[in-house]
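Peer 1: Sharing a structure here in structure tokens format.
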Amino acid sequence: MKQSDLKYSCLIAVLYFGMNVNAQVTPRDTVAKEQKIEEVVMIGYGSRKKVDNTTSVSSISAEEVTKTKVLNASQAIQGKAAGVQVTASDAPGSTPTVMIRGLGTVLGGRTPLYVVDGMFTENINNINSNDILTYDVLKDAAALAIYGNRAANGVIIITTKSGKGKLSVSYDGLVGIRNPLKTIKMASGSEFANYNNAGKSSKYLNPDQPYNTDWFKEITRTGIYNQHNVSISGSSEAAKYFLSLGNYDEQSILKGTNYNRTTVRTNNEFRITKGIRLAQTLSATFTNDTPKSFGVFTSAYKQSPLVPVYYPNGKYGQPIYDPATGNIGYVGSRFNDVGNPVMQLAYDNQKGKNFLLQGGLKLDIDVFKDLKFTSQFSGEYNNYKYYNFVNSKAFWLDSDPMRVDSQYSATSPLTRLTNRNQNYYNWLLNNYLTYTKKIGNHDIEVVAGTETSVMNGIETLIINRQNVPVSQDYWNLSGVDYYGNLFSDSSTKAIESIQGNRNTTTSYFGRLQYKFMNRYLLSGTIRRDGSSQFAEGHKWGTFPSFGAGWVISEEDFMKDGFFNLLKLRGGWGKLGNQRVPLNYLPLSAGATYNYGFGSSPVSNGITVNQGYDPDLGWEVTEETSVGLDFGILNNRLTGTFDVYNRKTNNLVLGVVPYLATGIADVNYSHMGSVVNKGAEVSLNWADKVGEDFSYSIGANYSYNKNRLASIDLSKPVSQIVGGNLGNGIDTKLFNASSVGYALGSFYLYEVDGYDAQGNLKFKDLNGNGAMDGGDRRFFDSYIPKSTLGVNISMSYKNWDFALNGYGAFGFKVYNGKKAQRNGGENVEASVANDFWTPTNTNAANPVNPSNIPVASNFYLESGDYFRINNISVGYTFKNVTEYMKSIKLYVSAINPIVFQKYSGYSSELSGYNPSDTTAEGDPYKRAGIELDAYPTLRSFVFGVNLNF
């Protein structure tokens with residue numbers, strides 16, 4: 001039989017089976033089927049029954065969001081939505097990196113748009129997870145185009161809770177402990193000495209010494225965190241009300257780092273009169289933290305175990321040894337340039353305070369039966385204060401046990417203090433009409449409106465002072481000479497005032513949704529955006545989309561068949577990204593020169609030092625997608641399949657100016673494209689056995705192939721050299737040769753065994769007989785090609801159980817700690833016990849290198865992992881008293897088990913670092929490189945939930 005005949009026969013068989021197999025529907029099954037049909041998803045400026053939706057939207061319930069007891073709600077959804085990759089750091093206060101259907105930009109904004117109760121925001125660090133009602137992820141362009149130039153990276157719509165029913169009071173409290181999920185066994189003192197001695201011509205370190213310091217243990221502790229949430233809600237005929245108060249407090253595993261967040265939220269809705277409703281939302285978040293440099297983790301990895309934390313005289317230990325005896329002491333030579341990690345922590349004095357206020361008003365007016373008018377105003381204000389105090393003289397003295405006060409330079413500052421104050425406010429106003437009409441078998445919904453948003457930019461004031469007295473309070477500097485103590489040098493300004501880019505956007509949008517006979521679905525959206533940040537003639541962009549769906553299970557030939565739901569859908573759309581680098585020609589971009597002959601200038605002049613592309617606008621993403629939704633066996637088994645092709649055109653990249661122009665600075669232009677192609681599958685089985693036992697088993701799988709598709713070679717692209725290890729070595733490159741590879745791919749030498757002395761050899765890829773830059777090539781990226789989520793839940797009488805797992809596959813991680821060596825640093829025990837010697841030429845590791853290791857695939861490892869994210873067990877006491885509805889006791893294990901190939905601490909590396917928050921998720925910084933990275937943690941939680 002021909003293959004085409006076989007496919008045709010299978011199709012006939014499926015249709016016949018669907019038309020003729022009748023399922024036995026019990027009343028319970030009928031209810032389950034109706035509930036599936038009535039599920040609603042948020043789609044932007046409205047909602048839609050899931051069965052009537054033509055786009056790809058993943059909806060996650062409030063119960064799922066709160067099940068994993070973590071600080072940020074986005075971390076809790078990891079593995080719960082296909083096509084949504086969440087890379088989280090367990091550092092307190094960190095922001096998870098959320099990537100929806102791949103990365104589509106090199107220099108532009110990478111984070112999705114968060115819409116919280118109608119307010120646009122860039123992260124949800126301020127939201128108490130217990131306040132979330134719905135969490136919907138818009139994934140395809142047909143769903144996203146309604147948000148126009150903000151939607152290129154996806155949209156996450158969050159609706160917080162409101163009151164309903166009688167007065168209800170609830171409390172949820174927990175306490176947990178945290179420890180690193182994985183630790184690394186480092187070389188002991190004797191192993192370290194033997195390893196380093198083997199790299200020298202003579203024995204220079206005595207392996208028999210009194211110290212054997214575990215530096216990781218010295219800088220860490222058992223982390224403790226607790227969380228308390230109280231909410232009051234209810235409703236009457238005239239009003240709905242909701243008030244919540246939450247506090248999260250953590251003493252993290254890194255000694256001295258503490259984090260506290262307090263949230264207050266009030267949501268109210270008032271029925272002004274028949275057909276007129278006014279809703280109000282307001283949230284305030286107060287955050288206090290004491291950040292520390294994550295570089296101390298790398299120092300703890302690298303510092304020798306022979307070095308004591310403290311010398312017997314109380315001074316901090318240093319890597320100093322006596323060349324005559326090889327013993328650690330007070331005087332002699334340093335055998336590495338790594339600091340004392342405990343000392344680094346002691347002198348790291350930073351604090352931050354943050355206040356964020358968000359709120360809005362929403363007015364709904366029923367103009368007449370089928371027409372509703374909505375006007376919504378939202379705004380946010382943020383103030384962030386931070387200081388960093390450096391006791392310069394004391395740090396200098398403690399860096400060498402033999403130093404004395406008189407040796408300290410009289411011109412150097414005794415102390416330094418940096419104060420930073422940041423403010424911003426944003427507001428958003430939208431007005432739109434919603435018209436719904438049902439005429440016979442025709443259902444129509446039309447939404448049309450306008451939107452104005454203003455981002456005033458971040459105003460930053462930085463003041464650097466010197467010789468500030470050692471104090472306990474560096475917020476209040478009463479008695480300090482504000483002007484006389486200002487400090488500046490070649491790299492630091494005494495006072496620096498920075499105004500972020502102000503942006504105003506005006507938009508017009510419309511959407512039509514049409515349903516015929518409950519089976520044929522059409523939708524179309526268009527949005528026209530105008531942005532103040534682009535040049536005249538390029539301020540406006542139009543972003544259209546359309547979608548179509550066919551509910552096949554509603555056809556007569558499928559009624560009462562095998563499929564309870566079978567829906568085919570597809571769509572196309574255009575999206576924009578306005579968060580791209582800009583060209584500008586202010587006077588400050590020019591430089592003043594003296595023009596004349598010989599050595600005598602005759603006049604001054606100003607020249608422009610940067611090019612300008614007047615056609616620069618937003619990056620534009622086009623996506624085509626097709627999906628299938630189904631439900632069978634009375635909706636016990638449900639699932640979705642999606643395939644998509646997403647291409648970002650107009651990629652904004654840097655352009656190197658031609659030498660003849662005399663211009664030095666890079667300008668920006670449209671000169672490339674990125675493609676993401678992928679597929680997503682979600683399956684869920686839910687059933688009930690008897691009256692007391694119910695369960696569900698779900699899994700989702702995503703595959704995405706990312707690549708740089710093209711670069712316009714008519715312009716010289718400015719290359720990006722990235723992934724720096726802090727020792728002069730870079731691991732990533734972006735230039736014209738990157739075409740065809742995934743963004744953030746590692747650019748390395750390829751190992752080709754050992755030479756006669758046990759050093760690594762590298763392949764001569766360009767065939768010139770020498771090792772040079774032409775021998776490097778691209779390897780895999782840090783971005784996973786596929787992800788897997790597994791979610792299991794069960795309940796029996798008053799017991800409930802949940803298990804969630806998440807895996808990422810098909811990506812690489814660079815072991816930056818192992819590769820960042822300058823000589824004399826510690827190594828892992830596995831390296832110290834298996835390295836090349838003349839009698840061990842097949843060792844897994846080369847000889848102790850005498851030079852800084854080059855960037856090679858020797859340090860590139862598989863990042864594949866699968867982790868159990870959460871296991872929780874709870875027991876609920878119901879109807880305890882007349883006033884207490886329930887008491888639930890629960891225990892949870894968060895990240896209890898991980899299966900990974902990577903030899904380091906964690907292969908889940910977003911690049912987050914408190915000292916450089918712009919690096920997070922940047923493909924050409926330290927994303928995917930384990931260096932100065934916070935370990936993944938294992939947590940055990942005990943909690944109680946009370947409902948009155």
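Peer 1: Just rank 397, 181, 748, fewest to most, by other beta-carbon atoms within 10 angstrom. The partial results should precede the final answer.
Peer 2: Values: 397 18, 181 21, 748 26.
Ordered from fewest to most neighbouring Cβ atoms within 10 Å, 397, 181, 748 come out as 397, 181, 748.
Peer 1: Under the 0.36 nm per residue contour assumption, what length would be gained going from the current alpha-carbon distance of residue 839 and residue 539 to full extension? Please list the in-between numbers first.
Peer 2: Numbers: separation 300, 0.36 × 300 = 108.00 nm, distance 6.97 nm.
Residue separation times 0.36 nm, minus the Cα-Cα distance, leaves 101.0 nm.
Peer 1: Here's a follow-up. Take residue 559 and residue 473, extend 7 Å from each Cα along the Cα→Cβ direction, and tell me the distance between the two endpoints in nm.
Peer 2: Roughly 7.8 nm, to one decimal.
Peer 1: Right, here's the next one. Once you charge only the Cβ atoms, +1 for Lys and Arg and -1 for Asp and Glu, what is the size of the charge dipole of the chain about its Cα centre, to the nearest 20 debye? Please list the in-between numbers first.
Peer 2: On the way: 89 positive and 82 negative charges, 278 e Å.
Computed about the Cα centre, the dipole is about 1340 debye.
Peer 1: Set the Förster radius R0 to 30 Å, insert the Cβ-Cβ distance between residue 381 and residue 61 as r into 1/(1 + (r/R0)^6), and round the FRET efficiency to 0.05. The partial results should precede the final answer.
Peer 2: Working: r = 31 Å, r/R0 = 1.04.
Once the sixth-power term is evaluated, E becomes 0.45.
Peer 1: What lysines sit close enough to residue 878 to cross-link, taking a C-alpha to C-alpha distance under 19 Å and skipping anything fewer than 8 places away on the same chain?
Peer 2: By straight Cα distance, residue 878 reaches 166, 797, 888.
Peer 1: Estimate the FRET efficiency between residue 450 and residue 47 by the formula 1/(1 + (r/R0)^6), using the beta-carbon distance for r and 25 Å for R0, to the nearest 0.05.
Peer 2: My answer for the efficiency is 0.75.
Peer 1: Okay, moving on. In nm, to one decimal, how far is the residue 697 label point from the residue 175 one, both placed 7 Å along Cα→Cβ?
Peer 2: So the label points at residue 697 and residue 175 sit 3.8 nm apart.
Peer 1: If we sort 51-58, 824-831 on the protection proxy, mean other Cβ atoms within 10 Å, highest first, what's the order?
Peer 2: Details: 51-58: 24.8, 824-831: 20.8.
Listed from highest to lowest mean packing, they are 51-58, 824-831.
Peer 1: Next question, about the same structure. Residues of region 166-199 with backbone nitrogen within less than 20 Å of a virtual label 7 Å along the Cα-to-Cβ line of residue 226, please, listed as ranges.
Peer 2: The answer is 170-179.
Peer 1: What shape does region 122-207 take by its C-alpha gyration tensor, where a ≥ b ≥ c are the square roots of the eigenvalues and a/c under 1.5 counts as rounded, a/b above b/c as prolate, and the rest as oblate? All intermediate terms of the calculation are to be shown ahead of the outcome.
Peer 2: Working: a/c = 6.69, a/b = 2.16, b/c = 3.10.
In terms of gyration-tensor shape, oblate.
Peer 1: Contour minus end-to-end for residue 425 and residue 494, with contour as 0.36 nm per residue of separation and end-to-end as the Cα-Cα distance? Write down the numbers at each step before the final one.
Peer 2: Details: separation 69, 0.36 × 69 = 24.84 nm, distance 2.61 nm.
Stretched fully, the residue 425-residue 494 segment lengthens by 22.2 nm.
Peer 1: Which of rounded, prolate, oblate describes region 636-737, given a ≥ b ≥ c as roots of the alpha-carbon gyration tensor eigenvalues and a/c under 1.5 marking rounded, otherwise prolate only if a/b is larger than b/c? Can you show the working numbers first?
Peer 2: On the way: a/c = 5.18, a/b = 2.77, b/c = 1.87.
Verdict is prolate for region 636-737.
Peer 1: What aspartates and glutamates sit close enough to residue 885 to cross-link, taking a C-alpha to C-alpha distance under 19 Å and skipping anything fewer than 8 places away on the same chain?
Peer 2: 63, 172, 800
Peer 1: Kindly put 509, 395 in sequence by how many other C-beta atoms sit within 10 Å of each C-beta, fewest to most. Display every interim value, and only then the final one.
Peer 2: Details: 509 23, 395 17.
The order, fewest Cβ neighbours first, is 395, 509.
Peer 1: Please name which of 796, 833, 786 has its Cα lying farthest along the dipole of region 785-837 towards the positive end, using unit charges on Cβ (Lys, Arg +1; Asp, Glu -1) and the Cα centre as origin.
Peer 2: Positive-end residue among those listed: 786.
Peer 1: Right, another one. Which of the pairs 80/677; 50/688; 217/315; 69/385; 353/493; 139/677 have their Cα atoms more than 25 Å apart in this structure?
Peer 2: Working: 80/677 21 Å; 50/688 23 Å; 217/315 19 Å; 69/385 28 Å; 353/493 23 Å; 139/677 13 Å.
Violating the 25 Å limit, Cα to Cα: 69/385.
Peer 1: Can you tally the net charge around residue 612? Count Lys and Arg as +1, Asp and Glu as -1, for every other residue whose Cβ sits under 15 Å from the Cβ of residue 612.
Peer 2: Values: positive: 715; negative: 536, 613, 615, 665.
Local charge sum for residue 612: -3.
Peer 1: Of the listed values (i) 63, 34, 32; (ii) 59, 37, 30; (iii) 50, 34, 32, identify the label whose number matches semi-axes √(5λ) of the Cα gyration tensor in Å calculated from this model.
Peer 2: So the structure-derived entry is (iii).
Peer 1: Right, next: Which order do the peptides 787-796, 751-760, 843-852 come out in when sorted by mean C-beta neighbours inside 10 angstrom, highest first? Let's see the in-between values first.
Peer 2: Numbers: 787-796: 18.6, 751-760: 14.4, 843-852: 16.2.
So the peptides 787-796, 751-760, 843-852, ranked by packing, come out 787-796, 843-852, 751-760.
Peer 1: While we're looking at this one, here's another question. Give the cross-link partners of residue 372 among the lysines, using a straight C-alpha distance below 21 Å as the criterion and excluding same-chain residues fewer than 8 apart.
Peer 2: Output for residue 372: 49, 240, 274, 362, 437, 438, 515.
Peer 1: Distance in nm between label sites at residue 730 and residue 633, each 7 Å beyond Cα in the beta-carbon direction?
Peer 2: So the label points at residue 730 and residue 633 sit 5.5 nm apart.
Peer 1: Please sort through the DSSP H helices of the chain and keep those with an alpha-carbon extent of at least 18 Å along the long axis and a Kyte-Doolittle average not below -0.5.
Peer 2: 3-20
Peer 1: Another question, if that's okay. Length gain on complete extension for the stretch residue 284 to residue 677, per 0.36 nm per residue less the alpha carbon to alpha carbon distance? If you can, show how the numbers build up before the last one.
Peer 2: Numbers: separation 393, 0.36 × 393 = 141.48 nm, distance 4.03 nm.
In short, 137.5 nm is gained.
Peer 1: Could you sort the peptides 172-178, 102-108 by per-residue average Cβ neighbour count (10 Å cutoff), highest mean leading? Mind dumping the intermediate values first?
Peer 2: Values: 172-178: 18.7, 102-108: 23.4.
Ranking the peptides 172-178, 102-108 by packing returns 102-108, 172-178.
Each value in this text was obtained by applying a stated rule to the coordinates, not by laboratory testing. Remember, it's a predicted structure, so these values are computed and weren't measured experimentally. Neighbour counts run over all protein chains shown; Cβ positions are idealised from the backbone, glycine included.
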